[in-house]
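The values are calculated or read from the model by the stated rules, or taken from the named source; none is laboratory data. All figures in this text were calculated on a predicted structure; none of them were measured in a lab. Positions of Cβ are generated from backbone atoms using ideal geometry, with glycine treated the same way; all protein chains shown enter the neighbour counts.
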Amino acid sequence: MNEEQLSRALQSVGQACFVKYFGEFSSSAMSREDVIEKLRTETGYTEASCISRTGHARSIISAGLAKSALNIVISSESARVTEETREQARQWLKALNS
């Protein structure tokens with residue numbers, strides 16, 4: 001996955017969604033179906049949206065680009081990315097670097 005593909009995949013998930021559900025997306029203990037169901041019940045996204053977001057998020061993580069994605073969120077100037085989301089991304093990045 002190159003930088004452009006990473007950016008597109010992260011857009012498909014949504015930066016805030018990627019950070020908020022990073023634990024679930026990166027968990028090997030949670031099945032794909034469990035993550036999709038959790039997203040659907042907690043967010044109100046359609047099932048198709050949850051399937052897409054989960055697939056893109058897990059592809060970023062399996063490609064070894066979780067840190068790069070979190071850095072994109074941290075440096076994002078999008079109005080949709082709150083300071084709280086950036087801080088949560090920093091915490092995930094810190095945990096990954098430990």
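Remark: pairs (first residue in segment 31-48, at negative phi and loosely packed, with under 15 Cβ neighbours inside 10 Å; second residue at pLDDT 95 or above and of a type in the set (D, E, K, R); Cβ separation under 6 Å; 6+ apart in sequence or on different chains) = Glu47/Arg40. Within the option set Arg8, Arg32, Arg40, being within 25 Å of Glu77 (Cα to Cα) and of a type in the set (Lys, Arg) holds for one residue only, Arg8.
Residues in segment 70-93 that are of a type in the set (Asp, Glu) and not in a loop (DSSP other than H, G, I, E, B): Glu83, Glu84, Glu87. Of everything in segment 49-62, what is surrounded by fewer than 20 Cβ atoms within 10 Å (Cβ to Cβ) and over 10 Å from Ser12 (Cβ atoms)? Give them in sequence order. Answer for segment 49-62, where residues must be surrounded by fewer than 20 Cβ atoms within 10 Å (Cβ to Cβ) and over 10 Å from Ser12 (Cβ atoms): Ile51, Arg58, Ile61, Ser62. Highlighted here are the helices (runs of 4 or more DSSP H) found entirely within segment 19-64 that include at least 3 residues which are at pLDDT 95 or above and farther than 22 Å from Glu84 by Cα: 32-43, 47-62. Scanning segment 13-30 for residues that are over 15 Å from Lys67 (Cα atoms), surrounded by fewer than 17 Cβ atoms within 10 Å (Cβ to Cβ) and not hydrophobic (A, V, I, L, M, F, W, C) yields Ser27, Ser28. Out of all the residues in segment 70-82, which are touching a residue at least 24 places away in the same chain (Cβ under 8 Å) and either acidic (Asp, Glu) or more than 14 Å from Gln11 (Cβ to Cβ) (or both)? Across segment 70-82, the qualifying residues are Leu70, Thr82. Cβ separations smaller than 8 Å between residues 6+ apart or across chains give no pair from segment 83-98 residues that are closer than 14 Å to Ser26 by Cα to residues that are of a type in the set (A, V, I, L, M, F, W, C) and outside any helix (DSSP H, G or I).
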